[in-house]
2 protein chains.
Amino acid sequence: MSSPKDDIDRIFHALGDPTRRALVERLSAGPMSVSSLATPLDVTLTAVMQHLQVLEESGLVRTEKAGRVRTCRVEPAGFAVLQKWLAERRSMWERRLDFLGDLLAEEDEGG
Amino acid sequence: MSSPKDDIDRIFHALGDPTRRALVERLSAGPMSVSSLATPLDVTLTAVMQHLQVLEESGLVRTEKAGRVRTCRVEPAGFAVLQKWLAERRSMWERRLDFLGDLLAEEDEGG
């Protein structure tokens, strides 16, 4: 079992690489075979396969093999983990800003 | 001038490190001096300073020096860049899923 901390670690590591982000960007437009995915990028098919493996292990991409063709697609659940991490941080500082705003408003009323 | 691509590159690189994410998590609760920030973490003050520099360069954290104390706080604008990147990807695949849904609905009606 992987912890949420490990998940987010893998996700940031995976998306920290510009080639992997380019793969995710292309797959966001629709599922694609590994070879179509590799074509416009200036990297070898082997490198694309390795990047895809990192993306799969981080839960951001899913691949399926049918016959000789491996099709890749984005896995929204992986992105939801990143979204949740961001939302949690944001709710922390927004709560704090609300609290400061309330304090200032109370001071105004008191003065 | 940095491009949005460079910005997102720096942001993922910065957040790809668990210590830097721990710093961001602590700062989300409120601004803090560099030394308070370093205290509970198992890293040297020098390492914290270096991590903070990476976070500052990626626009995720801001630091201000008043007298001998340097105070750090999260910079919401930096997180907004990451949020925007995520939202853009998501809108791409959600549009596509809507489109596929419409196609299927039309087929149902046609049949």
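Values in this text are rule-based calculations from the coordinates and carry no lab data. Just so we're clear, the structure is a prediction, and the values are computed from it rather than from any experiment. Cβ: placed from backbone, ideal geometry, glycine included. Neighbour counts: every protein chain shown.
Shown for the protein assembly as shown: lysine pairs separated by 8 or more places, or found on different chains, whose C-alpha atoms are under 25 Å apart, numbering 5.
Across identical copies of the chain, A:GLN50 has label-point separations of 2.5 nm, listed in ascending order, with the point defined 7 angstrom from Cα along Cα→Cβ. The rotation axis that maps chain A onto chain B passes nearest to the beta carbon of this chain A residue, listed with its distance in whole angstrom: A:GLY16, 2. With Rh defined as the Kirkwood radius, the inverse of the mean 1/r over Cα pairs, the Rg/Rh of the stretch B:17-111 is 1.34.
Summarise the partner chain shielding of A:11-17 as one whole number: the mean count of Cβ atoms from other chains within 10 Å of each residue's Cβ.
Details: counts 3, 10, 5, 2, 10, 9, 4.
Mean inter-chain Cβ contacts per residue within 10 Å come to 6.
Using a 10 Å cut-off around each Cβ, can you sort A:LEU52, B:LEU45, B:LEU104 from fewest to most neighbouring Cβ atoms? Show your work: numbers first, answer last.
Values: A:LEU52 21, B:LEU45 13, B:LEU104 10.
Ordered from fewest to most neighbouring Cβ atoms within 10 Å, A:LEU52, B:LEU45, B:LEU104 come out as B:LEU104, B:LEU45, A:LEU52.
Distance between the pseudo-spin-label points of B:SER33 and B:ARG70 (7 Å out from Cα toward the beta carbon): 1.4 nm. Counting from the shortest, the label point at A:ARG95, 7 Å from Cα toward Cβ, is 3.6 nm from the same position in each remaining copy.
Just checking the output field for B:87-94: average partner chain Cβ neighbours within 10 Å of each residue's Cβ?
Numbers: counts 1, 2, 10, 6, 1, 6, 9, 2.
Average neighbour count from other chains, rounded to a whole number: 5.
Inter-copy label distances for B:ARG70: 4.5 nm (label point placed 7 Å from Cα along Cα→Cβ; shortest first). Residues B:VAL24, A:VAL74, A:VAL69, arranged from fewest to most other Cβ atoms within 10 angstrom of their Cβ, appear as A:VAL69, B:VAL24, A:VAL74.
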